[in-house]
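Presented below is the structure to which this report refers.
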Amino acid sequence: QINNQRKKINHDRHELEQMNARLKSSNARLRRAQEMTLKELDLASAVQNAFLPPTPGSLRDWDIALTFRPCFGVSGDFYDFYYRGDTLKGLAIYDVSGHGVSSALLTMIAKPAMADTFFQKEFHPLDRIMASINKTLASLFCDIDHFLTAIILRFDGTGVEYANAGHPDLILRKADGRTAFVGRDVDHFKGEPLGIDCREKPYHAEFFSVAAGDMILLYTDCILEAESARGEHYGEARLLDSFSRAPSSSAKESLDYVLAAFNDFTRIEDVMDDLTVIVLRKKASS
């Protein structure tokens, strides 16, 4: 019996040693796979960052500041500036549904499609440009369960043409401090998100005037939906209030104030969405 028990113990020890060896081998493979995934994510982030346009620093009419904060290294948020020389002609901000690499890859498809359409149809109404972009993206996304929300602005001297496809509303702050969402008093102003259906859909464009010292705030939904430690959403009211109180001497100072208020309310390490915020300030005519 003792000999049999000894044999059983030796057998069990051998089984445990083999199991331990298999676990070590599996852990090593998992570590290698994780390292490869992180390297690929870093590469994807670098590729996407190469597609990101730099903030225009010496425009004639506009002072611009932005923050771009991916949640997982790569982002489903994107933005683009359309300008000639030192004149800003247009701006787009958009947010692809979902998160991670798949959404980031789709931003790289959407960006050139939107830019090409904007310049090819430069003299068309902005609502028709948005409809054309939707048709293009719907054909590209037809086999993919994704869509995107977007705002496109077109600048013309003292005026801004504005179209919205399911995106959080633009905020305008006048030089005298009056701050409000633009387009909410217009029936059926906001169109459907892009890329869902290529059938002809109506989009609408709103025109508003701007003067020296006026500021525009664009953002993705992360800033509205992020929660405090008590589970409260940051929401539109807090964003509107922070923008109305922000310093108005430069776009960067205003953006810094808005982000500081947001970061004070939320625990930034718990924000599980991509964040993009852009502030534009109209310069005085030279």
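Brief remarks follow.
- For the range 106-119, putting each phi into the Karplus relation 6.51 cos²θ - 1.76 cosθ + 1.60 with θ = phi - 60° gives couplings of 5, 4, 6, 7, 6, 4, x, 5, 5, 5, 4, 5, 4, 7 Hz, in residue order, rounded to whole numbers and with x for Gly and Pro.
- Span from the the range 1-33 Cα centroid across to the the range 235-269 one, whole angstrom: 58 Å
- Across the range 196-286, Cα pairs under 8 Å and at least six residues apart give a relative contact order of 42 percent.
- Accessible-area composition of the chain, carbon plus sulfur, in percent [1.4 Å probe]: 52 percent
- The range 205-277 - accessible surface per residue (Å², probe 1.4 Å): 45 Å²
- In percent, rounded to a whole number, the relative contact order of the chain is 20, using alpha-carbon pairs under 8 Å and six or more apart.
- Measuring gaps between exposed loop sites in the chain (GluC sites (Glu not before Pro); DSSP loop; at most 13 other Cβ atoms within 10 Å), the longest gap, sites not included, is 1-121.
- Gain on full stretching of the segment that runs from PHE181 to SER26 - 0.36 nm per residue minus C-alpha separation: 50.3 nm
- A straight line joining the Cα centroids of the range 140-196 and the range 78-96 runs 13 Å.
- 3J(HN,Hα) from dihedral phi, the range 239-252, Karplus parametrisation 6.51/-1.76/1.60, rounded to Hz, x for glycine, proline: 5, 4, 5, 5, 5, 5, 8, 5, x, 10, 6, 7, 5, 5
- Listed by chain and number, the aspartates and glutamates placed with their C-alpha closer than 14 angstrom to that of LYS190 are ASP127, GLU161, ASP169, GLU206; residues fewer than eight positions away on the same chain are left out.
The values are calculated or read from the model by the stated rules, or taken from the named source; none is laboratory data. As the structure is a computational prediction, the values presented were derived from the model and not from experiment. Every residue, glycine as well, gets a Cβ built from its backbone with ideal geometry; the counts of neighbours run over all protein chains shown. Just so you know, the surface numbers come from the protein's heavy atoms only, side chains and all, with ligands and any DNA or RNA stripped out. Shrake-Rupley method; radii C 1.70, N 1.55, O 1.52, S 1.80 Å.
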